[in-house]
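The values are calculated or read from the model by the stated rules, or taken from the named source; none is laboratory data. Small disclaimer: the values here were computed from a predicted structure and weren't measured. Cβ placement follows ideal geometry from the backbone for every residue including glycine, while neighbour counts extend to all protein chains displayed.
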């Protein structure tokens, strides 16, 4: 190759590289995960509600895809661990129930979160809302891959009764039980600074505050790529709808707060549209578990509610939206869940799922875009409640262990008719599927496939009972 030819070649190669670099960056989609706390399966219009008005979610579903067999966990902390790690909750956060203020355990710093994986691919990562994976410094979002955090480190009911966190809007403040220590005050954080002690009046502004922060994050990072994790504190008890929504629904405080959540979703989607990034932004709306019916949630036609492994406790109303990419008005009935979000988003971002540990989730993007060759990533799904495996599903068949009740969810989504006696072969097959977990996660106790919890010495709350902010968080 002579000098002139080589010069032309190198010039062309340089121009090609300079041209391709922004194309690669521009090709990375933005991601928004909106995770509602304790929202019932049929609390919103796209999943059958006729009492709560949810026009923004109605439109989101009309323009996107409903995931009708999307599984979380029975309660808060395990569900969020599954989302963050792509693993069954028992594998990544081996606790019997949920985390509480000042606990000395939490999501281990050695866990690889979705935020960390996306950050490696050049994403700006922000989180607005409820964390609930540990409130000690080593466990906070800012130590788990998020550039920015604003929100509550755990549930909005975790505080002293006198602060209004154990009673709904307008209800009498309950008195502490004699001889029982109350929980420490509820802190609002920005990154690792405690902004304030959260009182009843503050809870009425929590959705609005979160939404303002979320829209601000979108505007500041509109050139992308970005990942916004937006887990609301609503509609968890205590119910505190904002002034503009109070008394406006036909479903009491719960309906008021559901409708305010819908407004918040509308604000986020409108911002995405206004910024002109709709077609390059994947938005997933979901709930961390089924709704608690005692607080007004509705899970029908599913049986049960929050805290159970009946479908109403663990199957959540989920919508995926990316105009011109995800087919409008589509539906995915295959088994999907929180564990699938990490592998799906990581692959779309151009990254690789960790290979040094078990990741239980799979890539569901082909299902979302209705690809002809799309297949479900799960042959079976395991229903854990704490350490105990309570049920297993394969295809339409669900076996509840213990009494070995068998349901065909295609024919009996409400789990009303036990048909185990007429299908002993299916019972035997599903018992064998369940037994496969004995040497992995365990079916009753902690199994060898469970990863260690994060643990710290000298654990203490971010705000002490006397109102003193923990040193380093002032």
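Per the listing 136, 144, the residue uniquely within 17 Å of the chain's Cα centre (by Cα), modelled with pLDDT of 95 or more and surrounded by 23 or more Cβ atoms within 10 Å (Cβ to Cβ) is 144.
Among 407, 382, which is the only one that is surrounded by 15 or more Cβ atoms within 10 Å (Cβ to Cβ), under 24 Å from the mean Cα position of the chain (by Cα) and not in a loop (DSSP other than H, G, I, E, B)?
Details: 407 fails: under 24 Å from the mean Cα position of the chain (by Cα).
The unique qualifying residue is 382.
Residues in region 428-466 that are loosely packed, with under 11 Cβ neighbours inside 10 Å and modelled with pLDDT under 95: 458, 466. Taking the numbered list (1) part of a helix (DSSP H, G or I); (2) surrounded by 14 or more Cβ atoms within 10 Å (Cβ to Cβ) in turn, residue 425 passes all entries but (2).
When restricted to residues that are farther than 26 Å from residue 297 by Cβ and more than 18 Å from the chain's Cα centre (by Cα), region 261-287 contains 11.
Note on region 57-120: enclosed helices (runs of 4 or more DSSP H) holding 3 or more residues that are out of contact with any strand residue (DSSP E or B) (no Cβ under 6 Å at 6 or more places or on another chain) and farther than 15 Å from residue 289 by Cα are 114-120. Taken over region 359-375, the criterion of being crowded, with 18+ Cβ neighbours inside 10 Å and either in the same structural domain as residue 404 (by TED's automatic domain parsing) or not in a loop (DSSP other than H, G, I, E, B) (or both) is satisfied by 365, 367, 368. Determine whether residue 315 is out of contact with any helix residue (DSSP H, G or I) (no Cβ under 6 Å at 6 or more places or on another chain) and buried (at least 20 other Cβ atoms within 10 Å of the Cβ). Criteria met by residue 315. If you go through region 275-300, how many residues are touching a helix residue (DSSP H, G or I) at 6+ places or on another chain (Cβ under 9 Å) and either part of a strand (DSSP E or B) or more than 16 Å from residue 37 (Cβ to Cβ) (or both)? Result for region 275-300: 12.
Among the candidates 325, 353, 332, which residue alone is in the same structural domain as residue 41 (by TED's automatic domain parsing), buried (at least 17 other Cβ atoms within 10 Å of the Cβ), over 22 Å from the mean Cα position of the chain (by Cα) and over 17 Å from residue 79 (Cα atoms)?
Working: 353 fails: over 22 Å from the mean Cα position of the chain (by Cα); 332 fails: over 22 Å from the mean Cα position of the chain (by Cα).
Unique residue meeting the criteria: 325.
Going by the conditions given, is residue 39 in a loop (DSSP other than H, G, I, E, B), without any contact (Cβ under 8 Å) to a residue 60 or more places away in the chain and crowded, with 20+ Cβ neighbours inside 10 Å? Before the answer, list the steps.
On the way: in a loop (DSSP other than H, G, I, E, B): yes; without any contact (Cβ under 8 Å) to a residue 60 or more places away in the chain: no; crowded, with 20+ Cβ neighbours inside 10 Å: yes.
Considered against the rule, which asks whether it is in a loop (DSSP other than H, G, I, E, B), without any contact (Cβ under 8 Å) to a residue 60 or more places away in the chain and crowded, with 20+ Cβ neighbours inside 10 Å, residue 39 comes out as no.
Of all residues in region 332-358, those being more than 20 Å from residue 380 (Cα to Cα) and assigned to a loop (DSSP other than H, G, I, E, B) number 8. Counting the residues of region 247-271 that are buried (at least 17 other Cβ atoms within 10 Å of the Cβ) and not in a helix (DSSP H, G or I) gives 2.
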